[in-house]
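Engineer: This is the structure I want to talk about, given as structure tokens.
The values are calculated or read from the model by the stated rules, or taken from the named source; none is laboratory data. In this text, all values refer to a predicted model and were calculated from it rather than measured experimentally. Neighbour counts run over all protein chains shown; Cβ positions are idealised from the backbone, glycine included. Heads up: the accessible areas ignore ligands, DNA and RNA and are worked out on the full protein's heavy atoms, side chains in. Shrake-Rupley method; radii C 1.70, N 1.55, O 1.52, S 1.80 Å.
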Amino acid sequence: MNELQKVLDSYSLRSIGILDSTIPMNKYIPLDLSKSNETLLDVDVTNPVTCQSYIDTVVKSKDGIVAYGGYLEERNLYADKDGFSAAHKPKRNIHLGIDFWTNAGTKVLAPLDGKVHSFKNNNVVGDYGPTIILEHTLHHITFYTLYGHLSIESLTGLFKGKVFKAGETLAKLGTPDINVNYAPHLHFQIIKDLEGNEGDYPGVCAVENLQHYKFNCPNPNYLLKIKGSS
């Protein structure tokens, strides 16, 4: 493990819930949305209604509430979105955070103390929609967490430097019309260096750039330690 990974891993021995605190950790269900998942061969995951129906089926079959996963998954989810497969550019389809799929309006909790670095409504189809980035410092190491696909109301009253304590409600999940054409979910990503970005940072990369982004965006489960049920 590198230094940031060690700091994240040492923060807590217990799982950290990132959604409404009334949701038990054993109700977090692993979800595979990778292109290698054969059960998705006839499922149009680019359609938010179809995607939601598939997720609901998985969650119900395992008596869960939240479906989660996706770190470094190679997905077909972005195949219909121009920004991910523009001409003369590498196709971006490798996911750099963890997604938490559950009902719109669900509370999003700050997993550790932090302050608002920036926020923005990235309202282009296929992007994050309303997005918040928090800044954190642990053991003299500064890093950032990104929260995407929020409700538009989540940006109300925010300002740079606003402090959120661990476990405090940071935001709520948005609907597909607000989170720009995805089934309701939270995109959660840890970022070592924002590389000059404000209120935004790539959440999906091309295989050609994977090593850079894998180093700069460590697995969020170093921090969260969510095991879920299977």
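Engineer: Cα-Cα over 20 Å: which of K35/K91; K107/K162; K6/K172?
Structural biologist: Beyond 20 Å between Cα atoms: K6/K172.
Engineer: Looking at [x] 1.01; [y] 0.93; [z] 0.97, which value of Rg/Rh (Cα atoms, Kirkwood Rh) comes from a calculation on the structure shown?
Structural biologist: Checked against the structure: label [y].
Engineer: Only sites in a loop by DSSP and with at most 12 other Cβ atoms within 10 Å count here; which trypsin sites (Lys or Arg not before Pro) in segment 127-206 make the cut? Kindly include the intermediate steps, with their values, before the conclusion.
Structural biologist: On the way: sites: K160, K162, K165, K172, K192; in loops: K160, K162, K165, K192.
Loop-located and lightly packed - K160, K165.
Engineer: Using Cα pairs under 8 angstrom and six or more residues apart, how large is the relative contact order of the chain, in percent?
Structural biologist: 26 percent
Engineer: Can you give the net charge of the other residues whose Cβ lies under 15 Å from the Cβ of K165, counting K and R as +1 and D and E as -1?
Structural biologist: Here the charged neighbours net out to 0.
Engineer: Stokes-Einstein D for segment 108-153 at 37 °C, 0.692 mPa s, Kirkwood Rh over Cα pairs, in µm²/s?
Structural biologist: 289 µm²/s
Engineer: Let me ask something additional. Write down the Å³ per residue value for the convex hull defined by the alpha carbon atoms of segment 180-226.
Structural biologist: So the per-residue hull volume is 118 Å³.
Engineer: Hey, got a sec? Which chymotrypsin sites (Phe, Trp or Tyr not before Pro) in segment 155-230 land in a DSSP loop and have at most 12 other Cβ atoms within 10 Å?
Structural biologist: Working: sites: F159, F164, Y182, F188, Y213, F215, Y222; in loops: F159, Y182.
Sites meeting the loop and neighbour criteria: F159.
Engineer: Counting only heavy atoms of the protein chains, get the accessible area per residue of segment 1-148 (1.4 Å probe) and round it to a whole Å² value.
Structural biologist: Heavy-atom SASA per residue in segment 1-148 reads 49 Å².
Engineer: Then there's this: List the aspartates and glutamates whose alpha-carbon lies under 19 Å from that of K225, not counting same-chain residues fewer than 8 positions away?
Structural biologist: Answer for K225, where 19 Å is the Cα cut-off: E3, D9, D20, D32, E73, D99, D113, E168, listed by chain and number.
Engineer: Here's something else I'd like to know. Could you run the Debye sum over the Cα atoms of segment 136-183, one equal point scatterer each and no solvent, and tell me log10 of I(q)/I(0) at q = 0.30 Å⁻¹, two decimals?
Structural biologist: The Debye formula, applied to the Cα set alone, gives -1.20.
Engineer: Could I ask something else about it? How large is log10 of I(q)/I(0) for segment 1-42 at q = 0.17, 0.19, 0.22 Å⁻¹ when the intensity is taken from the Debye formula with one equal scatterer per alpha-carbon?
Structural biologist: -0.77, -0.82, -0.84
Engineer: For n ≥ 4 DSSP H runs only, could you compute -39500 (n - 2.57) per run for the chain, divide by its residues and tell me the 222 nm figure to the nearest 500?
Structural biologist: Helices in the chain give a 222 nm mean residue ellipticity of -4000 deg cm²/dmol.
Engineer: Next question, about the same structure. Per residue and in cubic angstrom, what volume does the convex hull of the Cα atoms of segment 137-230 have?
Structural biologist: 158 Å³
Engineer: Using a 1.4 Å probe on the protein chains only, how many percent of the accessible area of the chain belongs to carbon and sulfur?
Structural biologist: Roughly 51 percent of what the probe reaches on the chain is carbon or sulfur.
Engineer: If you don't mind, another one. Counting only heavy atoms of protein chains, what accessible area per residue, in Å², does segment 178-230 have with a probe of 1.4 Å? Don't skip to the answer; put the middle values down first.
Structural biologist: Numbers: 2100 Å² over 53 residues.
With all protein chains present, segment 178-230 gives 40 Å² per residue.
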